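The values are calculated or read from the model by the stated rules, or taken from the named source; none is laboratory data. Computed from a prediction, not measured in an experiment: that's the story for all the values here. Don't worry about glycine lacking a Cβ; one is built from the backbone with ideal geometry, like all the others, and counts go over all protein chains shown. Note: accessible area is taken over every heavy atom of the protein model, side chains too, but ligands, DNA and RNA are not part of it. Shrake-Rupley method; radii C 1.70, N 1.55, O 1.52, S 1.80 Å.
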Amino acid sequence: MPTEVEVLRDLAKLFWAGKPVPCPKHPGGVLTGAFVQTTFADHIALACDRGKETLTIPQRPKQKEFLDQQVEGFVENLQRGDAILCYRCQSPLEIARPENVNTGITDFTFTCVRCLSYGSWTGKPELAKIGV
């Protein structure tokens, strides 16, 4: 079951890609809306075409996909026990890491809890080395 941060990340990702955003509460419903810029709280405002569902997704700074090297750096920092913070807004990252126990390969997905920026890395964690 995806977390709230993962759901918001995926909705924002669809919005920025210009794709239809499905309503999480109304099957077949589509969320439409716009990016709203204010002096202190930029956000995506979405409304469902099937019900009275509205959704506000904070976007300051705007969601981006992390570069491969940045994500590998997160994995390396995780191995050392360092704090894992978003490069863009210095907020904590939510980390999903399902591991295949037979191969030792882990699928890491990092999502910022504030700006919903994200990135994925797959491999054996001990092999994550930046600049080697």
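In summary, Ala34 fulfils each of the numbered conditions (1) loosely packed, with under 15 Cβ neighbours inside 10 Å; (2) part of a loop (DSSP other than H, G, I, E, B) with the single exception of condition (2).
With respect to the conditions (1) within 18 Å of Glu4 (Cβ to Cβ); (2) part of a strand (DSSP E or B), Cys115 lacks only one, and its number is (2).
With Arg50, Arg9 as the choices, which residue is in contact (Cβ under 8 Å) with a residue 40 or more places away in the chain and either closer than 19 Å to Cys115 by Cα or open to solvent by 100 Å² or more (accessible area, probe 1.4 Å) (or both)? Give the steps one after another, and end with the answer.
Working: Arg50 fails: in contact (Cβ under 8 Å) with a residue 40 or more places away in the chain.
Matching residue, one of Arg50, Arg9: Arg9.
In the set Gln79, Gln70, Gln59, only one residue is modelled with pLDDT under 95, within 17 Å of the chain's Cα centre (by Cα), of a type outside the set (Val, Ile, Thr) and more than 16 Å from Val5 (Cα to Cα); that residue is Gln70. Applying the selection to the range 19-31, what residues are modelled with pLDDT of 90 or more, in a loop (DSSP other than H, G, I, E, B) and under 17 Å from the mean Cα position of the chain (by Cα)? The answer is Lys19, and nothing else. Examine the range 72-90 for a residue that is open to solvent by 70 Å² or more (accessible area, probe 1.4 Å), of a type in the set (Asp, Glu) and not in a strand (DSSP E or B), and state whether such a residue exists. Scanning the range 72-90 turns up no residue that is open to solvent by 70 Å² or more (accessible area, probe 1.4 Å), of a type in the set (Asp, Glu) and not in a strand (DSSP E or B). Which ones in the range 48-71 are more than 23 Å from Glu126 (Cβ to Cβ) and part of a loop (DSSP other than H, G, I, E, B)? Selection gives Asp49, Arg50, Gly51, Lys52, Glu53, Gln59, Arg60, Pro61, Lys62, Gln63, Lys64. Across the range 113-132, which residue is surrounded by the fewest Cβ atoms within 10 Å (Cβ to Cβ) among those that are in contact with a Pro (Cβ under 9 Å, 6 or more places away or on another chain) and free of Cβ contacts under 8 Å to residues at least 60 places away in the same chain? By that ranking, first place goes to Arg114.
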